[in-house]
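**Student:** Right, I'll just put the structure down here and ask away after.
Please treat every number below as a calculation from the coordinates, not as lab data. What you see is a predicted model; the values in this text were computed from it and never measured. Positions of Cβ are generated from backbone atoms using ideal geometry, with glycine treated the same way; all protein chains shown enter the neighbour counts.
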Amino acid sequence: MHIFRYPDYESDTTRFIDQLRTERPNLEAGQRFGRALLWDKNVDRAAWVGYRKARVPQKPYVYYDNVRNAPDGDEPQPAGDKA
């Protein structure tokens, strides 16, 4: 016997799910259909090889891709600044 066990305890969530399943017996079938429609797909592995080969690497910091060096050797400034 476990001293912290509540005999015959059911949480509100468990009771809600059990009630929902009895009221809507086709609920699980609808969930499986939705999952199959959106997620269970056959993967074309040959196409994915091409996708991975065609991938262009992203620059480390995309917000400052137009950085130019200052002529006097100071810190580089974004090209849009009028300094």
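**Student:** Beyond 13 Å, what percent of the Cα pairs of the stretch 12-55 remain? Display every interim value, and only then the final one.
**Tutor:** Numbers: 660 of 946 pairs.
The share of Cα pairs beyond 13 Å in the stretch 12-55 comes to 70 percent.
**Student:** Determine the sum of side-chain charges near E28: Lys and Arg each +1, Asp and Glu each -1, restricted to other residues whose C-beta is under 14 angstrom from that of E28. Walk me through the numbers on the way to the answer.
**Tutor:** Working: positive: R21, R24, R32, R35; negative: D18, E23.
Net charge around E28: +2.
**Student:** Could you give me the ³J(HN,Hα) list for the stretch 40-50, computed from phi with Karplus coefficients 6.51, -1.76, 1.60 and θ = phi - 60°, whole Hz, x at Gly and Pro?
**Tutor:** Result, ordered by residue: 7, 10, 7, 9, 8, 5, 5, 5, 5, 4, x Hz.
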